[in-house]
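Each remark here refers to the structure printed beneath this line.
Readers should treat all values here as calculations from the given coordinates under stated rules, not as data from a laboratory. Not measured: the values here are computed from a predicted model. Note that each Cβ is placed from the backbone with ideal geometry, even for glycine, and that neighbours are counted across all protein chains shown.
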Amino acid sequence: MKRMLMVIAAVAFANAPLAAQWMGMPAWNNPKGGSGVTVYGDVGFPNSNLGEGTAFGARGTFGMANLSLTAGISSWSPKDAGGSSTSLGGVADFRVIGGSLMPVALNIQLGASTASAINTATDNIPKMTNIITGAGLSVNVPTPGLSIEPYVSISNRWHAQSGGSTLSNFGWVIGANVGFGMLGLHLAYDSEKLDDGSTASVVGVGAHVSFKAPMGL
């Protein structure tokens with residue numbers, strides 16, 4: 001449990017997918033973006049260096065041409081911790097290049113969240129504030145009837161414990177967003193290098209529904 005105090009999970013908001021800013025979630029991303037509203041349901045599976053367990057989350061994104069704003073929540077129950085941590089946060093994504101007429105998209109992310117403490121008879125995990133800055137690159141795969149967007153993101157993550165130190169780590173994400181009409185699926189693998197040389201990782205999957213106009217601006 002001591003190592004778990006030094007890291008986040010994911011995210012992601014999420015960044016999303018954050019990003020790694022939501023505990024137990026990957027840093028979700030969608031470099032292509034979109035106009036309108038998208039609602040996401042997420043599940044995250046951290047590795048042993050993050051305390052394992054399962055995280056459940058929900059996010060809502062409002063897209064305005066090149067800018068997308070996301071707010072989300074996740075609840076993560078580490079293995080054998082006897083409690084759960086709730087993360088509230090958001091992320092802003094700015095699409096630098098890309099759109100419906102370009103197969104490649106590049107965006108910049110800035111996100112933050114606050115995760116509640118876990119205080120039980122056996123564990124005392126402090127409140128955590130997470131901040132993420134980075135960028136993502138995606139490619140639109142032309143497939144009849146489907147929208148497939150594989151992407152890769154890189155970011156720096158800051159994790160500040162309440163009343164303790166602040167850590168700064170580098171992380172990367174490989175993921176994909178798949179859409180078929182209004183409905184879609186998303187998945188991601190998040191990896192973050194810790195100070196002791198070990199790797200914290202999160203596998204995330206989920207589904208989403210979009211109410212948005214095609215990107216052409």
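If each Cα of the chain is one equal point scatterer, what is log10 of I(q)/I(0) from the Debye formula at q = 0.12, 0.15, 0.18 Å⁻¹?
Here the Debye-derived log intensity ratios amount to -0.53, -0.80, -1.11.
Once the Cβ-Cβ distance between Ala92 and Ser168 is put in as r, and R0 is 30 Å, what FRET efficiency do you end up with, to the nearest 0.05?
Working: r = 20 Å, r/R0 = 0.67.
For R0 = 30 Å, the calculated efficiency reads 0.90.
Starting with the highest mean, order 192-204, 141-153 by the number of other Cβ atoms within 10 Å, averaged over the residues of each peptide.
Values: 192-204: 17.5, 141-153: 14.8.
Peptide ranking by packing, descending: 192-204, 141-153.
Would you mind ranking Arg157, Arg95 so that the residue whose beta carbon has the fewest other beta carbons within 10 Å leads the list?
On the way: Arg157 26, Arg95 23.
In order of increasing Cβ crowding within 10 Å: Arg95, Arg157.
With θ set to phi - 60° and the Karplus curve 6.51 cos²θ - 1.76 cosθ + 1.60, what are the ³J(HN,Hα) couplings of segment 166-180 in order, to the nearest whole Hz, using x for Gly and Pro?
With the stated coefficients, segment 166-180 comes to 10, 9, 10, 10, 9, x, 9, 9, 10, x, 7, 10, 10, x, 9 Hz.
Provide the per-residue ³J(HN,Hα) series for segment 25-41, in order, calculated from phi with Karplus coefficients 6.51, -1.76, 1.60 and θ = phi - 60°, each as a whole number of Hz, with x at glycine and proline positions.
10, x, 7, 4, 8, 8, x, 5, x, x, 9, x, 10, 10, 10, 10, x
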